[in-house]
1. Answer with yes or no whether residue 181 is of a type outside the set (Asp, Glu), out of contact with any Leu (no Cβ under 9 Å at 6 or more places or on another chain) and part of a strand (DSSP E or B).
2. Which one of 232, 249 is outside any helix (DSSP H, G or I) and surrounded by fewer than 21 Cβ atoms within 10 Å (Cβ to Cβ)?
3. Name every residue in region 251-267 that is closer than 14 Å to residue 462 by Cα and at pLDDT 80 or above, in order of residue number.
4. Please give the number of the condition residue 373 fails out of (1) without any contact (Cβ under 8 Å) to a residue 12 or more places away in the chain; (2) within 32 Å of the chain's Cα centre (by Cα); (3) assigned to a helix (DSSP H, G or I).
5. Pairs under 7 Å by beta carbon, first residue in contact (Cβ under 8 Å) with a residue 24 or more places away in the chain and crowded, with 22+ Cβ neighbours inside 10 Å in region 109-124, partner in a helix (DSSP H, G or I) and of a type in the set (Lys, Arg), six or more apart or different chains?
6. Can you name the residue in region 147-169 that is out of contact with any strand residue (DSSP E or B) (no Cβ under 6 Å at 6 or more places or on another chain) and in a loop (DSSP other than H, G, I, E, B) and is also nearest to residue 105 (Cα to Cα) among such residues?
7. Could you tell me whether region 64-73 includes any residue that is at pLDDT 80 or above, under 28 Å from residue 237 (Cβ atoms), assigned to a helix (DSSP H, G or I) and in the same structural domain as residue 128 (by TED's automatic domain parsing)?
Amino acid sequence: MKQKLTPEQKAKRIAQIKKELEAVQAKEEKLDIQKKSLIKQQKEYEKKNKLLFFNDPEKGYLGKNGKWESNPIQKKYFEALRNPKYKIYGLVGANRISKTFSSTGVTVLTALRGCFPWEDPNEVGTWFWNSRGWEPPIKIRIVGQDWEKHVKTVIISTIKELWPHSWGFQSRKNGQGVEATWTHPSGSTIEILSNSSESELFEGWNGHIIIYDEPPKRQNRIACARGLVDFQGIEIFAMTLLKEAWIDQDVVNGVDENGQLDKSTIFFKGDIQDNVGFGITQAGVDQFAKTLTEDERSARLRGVPSYKSGIILNMDREIHVVERNFDIPSSWMVDVAIDIGIQKAHDILYLATSPDGRKYVCFEETVSGNGDIIAESIIQKKNRYMLRINRVICDPLAKGNTAGQDFEHSTWSKIDNALNRFDMYLESGSKLKNDGVITINSLLMTVNKIPMLFFFRDLGKTVKQCLNWMYDKEGKPSKKDDDMCENLYRLALLGTEWEEPYAEEYYNPGHEDRDKITGY
């Protein structure tokens, strides 16, 4: 039988239990304080090293402004960074699409670590270095605009927000009081320059990466690019193209040593809407839009440079420029246009029409010489590729003077006589340039939003001229570098529709009884 406690014993026992409960509560309070302290320390660490946690679904540094993850443009850019074939990268377009974040933030840290900052090199390896044959220390140069308004307020603030404090960066100020030199414990260095400085200051450097935050002057770019030779380094353009039109013409739409669109160059163009929900809000965009004129909206919201407001053709490199991954079938109809040069070489352009109405700018040729040589070029192209030539048109100026006394010996006559021997006949091309422009644009994108005109990527001269063809100050199509554009508008105005070939005209490269040189 259990002994009953006396009142004294009961009181003593209750006091003991209270004491034990108080001890437990005190311990729990202490643990709770420690827990809160640890959580606070963790949050402070994450905010000071926030880019290490980018794309982490559990983090939400942006709060109501969106997700702490890559927006659509960034995803494409980050994927391209994995491909070493690219030597020139571009993030261009509207304001506030995270261009500086992606370049000065992510790309710099990727170069220093050998992989994305949120990746563990022990797990993924140093793929960024390995694919390019680089070894640390890595040398990086960032080119901003003026020291006060841009470098200090944009670039330096991005560095201090995004670069991890735990990586132990050391900075040194320049004569303008700007932290322009940064050193990583590995010995890697980051140098910041202002685009407003004299070009001589950009010389004498070598390194792995150059980042242009906003458009550089051409001479500054050239001076910087020289320094990439030793390491086969890369250039990154992060900018809203409000000026420096040469970048669009020479870099974005640049060609390689073979005259083809440079495959080592890749540019991503963004609209401000691409970053809504990833760092900015629609309400913020709408408020910003109210402060802009229509021209400014085009540049700052949609990323269309102001100097390109006069662009003639609605041509999109990503849509209309395609790889030459098939031969032009011998049943397709091919029209040829010749632009005669007086003090320069002649330009010849070929446009193929498929049975479903799609048109392909398939060959280009620049020829020096008289009409016989021009005709021979077309004949050789016809026979070599077994082309079904439909019509051949030429600049009317090739006929000679209006009196006609030179016609017999004119370039026109020589071309026509030579082509006649191969059942081809020369016709005058149209002079209705404005109508031709309308026709080209209607093919580039139909009323049903379907592209019907394409350019093979290896046609460097044609693609570059068509992408950069602009109206002059008088509102007329520019005459500068327009030779292939002239050819194209005349070809478009022919309005060729595919027809089934006659049995006797149809042939294919498999016919062994036809000589590939003479065509007989």
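1. In short, yes.
2. Going through 232, 249 in turn, just one is outside any helix (DSSP H, G or I) and surrounded by fewer than 21 Cβ atoms within 10 Å (Cβ to Cβ): 232.
3. Going residue by residue through region 251-267, those that are closer than 14 Å to residue 462 by Cα are 253-256, 258-262.
Result: 262, single match.
4. Just one mismatch for residue 373, condition (2).
5. From region 109-124, no pairs qualify.
6. 163
7. Of the residues in region 64-73, the ones at pLDDT 80 or above are 66-73.
Within this subset, residues satisfying the condition of being under 28 Å from residue 237 (Cβ atoms) are 66-73.
Of the ones still in play, those that are also assigned to a helix (DSSP H, G or I) are 72-73.
Filter once more, keeping what is in the same structural domain as residue 128 (by TED's automatic domain parsing): 72-73.
The answer is yes, given that some residue of region 64-73 is at pLDDT 80 or above, under 28 Å from residue 237 (Cβ atoms), assigned to a helix (DSSP H, G or I) and in the same structural domain as residue 128 (by TED's automatic domain parsing).
Residue-wise test of (1) over 22 Å from residue 134 (Cα atoms); (2) touching a Ser or Thr at 6+ places or on another chain (Cβ under 7 Å).
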site	(1), (2)
166	yes, no
180	yes, no
183	no, yes
186	no, no
193	yes, no
198	yes, no
207	no, no
227	no, no
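The values are calculated or read from the model by the stated rules, or taken from the named source; none is laboratory data. Keep in mind the model is a prediction, meaning the values are calculated, not measured. Cβ atoms come from the backbone with ideal geometry, glycine included; neighbour counts cover every protein chain shown.
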